[in-house]
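Nothing in this text is a laboratory measurement; each read-out follows from the coordinates by a stated rule. This is a predicted model, so every value here is computed, not measured. Cβ atoms come from the backbone with ideal geometry, glycine included; neighbour counts cover every protein chain shown.
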Amino acid sequence: MYSDMGKPKTKLFFVLFVLVLCMRTATGTPALHFTVSEVGRRITISDSGQFGPSHHTSVPWSFRCIANLVDMYSRSDFLAEFRLAIRFPRFGYIKTSFGDLIGDARIRALMEGGFRLDMDRTLEIRELVARPIAIDGKSGGFITIGTNSQLPISAHLFLQTPLSETSRVGVTGAVFEFPLRKGIVRTALALVRERPEDRDSWVVRYHHEPIGTGLVGYWSWVGTCLLPRLQGSLHAGLLHRVVYDRLLGFGSSTVVLLELEQGQWAFSFKRLDIDAFAGSVGSVSTSTEDSPQQELSFSAGFEGTRMRFDMSLHDKRWRPTVFAGASQRRTVSASTEVGYHADSWDGGISLDSTYRWNRSGTRSRTHTVTVKYKCLVRGIHLSCEPEISVGKKLSLDGSYALEKSIPGFGTVRAELVHTAWKAEVEVSFRARLSVGVLEFSLGGSGEVSVKYSIVPKG
């Protein structure tokens, strides 16, 4: 199971060295997590600290680092993420970090393309959100430099660094943020360059081709307006994304978002228009062969003291495709859920319906009914969610769980999940120890996982 362990041992020595160094110098909260399962093991260390001018420096600065040693499925990876912030009196914080930026909504709008286009809905300026990335992985990490400045504009520069020979795409770009009285404006631009040998073929895939060599950029606005007469607020957003690829030409996508909150009611509307070419960057491109062209969604919800109600409607239209067969042309999904909260139990029922119009002229529909019920009986938490689906076939799925907290011992949980094909039982245990947390789980297929976390108090 643990092949090629010489390299992981060297990495483990480096991880422990970083951990000792961090705990020796930091004034923050170092932590250690150790997980062992049937398929491998994971060791995670993290630390953070903040220093003032009195700590051997003339300016205040802070840092955060996370390191992971993962040995899973006969493959070993070392994941790392690092952040350093230095405060200057005139410019505010200058921040630099290393890691994976795909988890940040501002970067996803550049990298992932129009098929999953969304916008950052926050109204404040903040640093780019980096996650740990595999040093031996197939994709490159990102080095970022940004400001949380006292000036009217904030800039974040990022550079994708190839960490292995398989990294075929390089990305360099910037994100600018302009705060306004009623929201915030964001603009972003990235230069994408692919290795020449990767585009030597005359065959160009259809619509979901990633950006090879070219430019991608967008501008967006999000804001909130108070509505005193309605005793509520309106949150709105608009994002327009334009791409240019050396081989595929221009493409654009637009997303519009409206959210209204009024007392116990909430409404939302979203429209997404996707151009014929709205590709993403490199390895994060979607692999769907039948690409959407327009999406409309509407939802309404009510949350009272006892009652709750949710309703949603989703309409997705698909572009013409060169692929034959009964590929879908349009899908309409509707969902309704009603729930009730009592002092000792909580329950609800939901109905989901999906209608499909196929290019072959055929139609199909599926209806699903789900019942949810949770209660507390003699200190035992019980929950059950049976689900009945009616379409071309009738299927009965569901999940049932019970959880018991034992004082001085821990929490025991057992869960049964069954589908039309099989049923699995999972048993887990969680205990809070004096120096950490111990978690144990036994899966339905026989897999065993043990996780022990050391998090110092304070």
Legend entry - Per-residue Cβ neighbour rank within 10 angstrom, fewest leading, M119, M307, M111: M307, M119, M111
Legend entry - Net +/- balance of residues flanking S335 in space, Cβ distance below 11 Å, scoring K and R +1, D and E -1: -3
Inset, instruction - Mind sorting Y452, Y218, Y340 by how few other Cβ atoms lie within 10 Å of their own Cβ, fewest first? - result: Y340, Y452, Y218
Legend entry - Proportion of all alpha-carbon pairs of the range 391-447 beyond 13 Å (%): 68
Inset, instruction - Could you work out the local net charge near A109, counting Lys and Arg as +1, Asp and Glu as -1, over the other residues with Cβ closer than 10 Å to its Cβ? - result: +1
Inset, instruction - Using DSSP to define loop residues, name the trypsin sites (Lys or Arg not before Pro) in the range 221-269 whose beta-carbon has at most 12 other beta-carbon atoms within 10 Å. - result: R229
Inset, instruction - Please name whichever of I349, S428, A334 sits farthest to the positive end of the charge dipole of the range 326-458, dipole taken about the Cα centre and charges placed at Cβ: Lys and Arg +1, Asp and Glu -1. - result: A334
Legend entry - G444 long-range amide H proximity, modeled H, under 5 Å: V425
Inset, instruction - Give the Cα extents of the range 308-458 along the principal axes, in whole Å, largest first. - result: 64, 38, 36
Inset, instruction - Evaluate the charge dipole of the range 378-458 about its Cα centre and quote only its size in Debye, nearest 20, assuming +1 on the Cβ of each Lys and Arg and -1 on the Cβ of each Asp and Glu. - result: 240
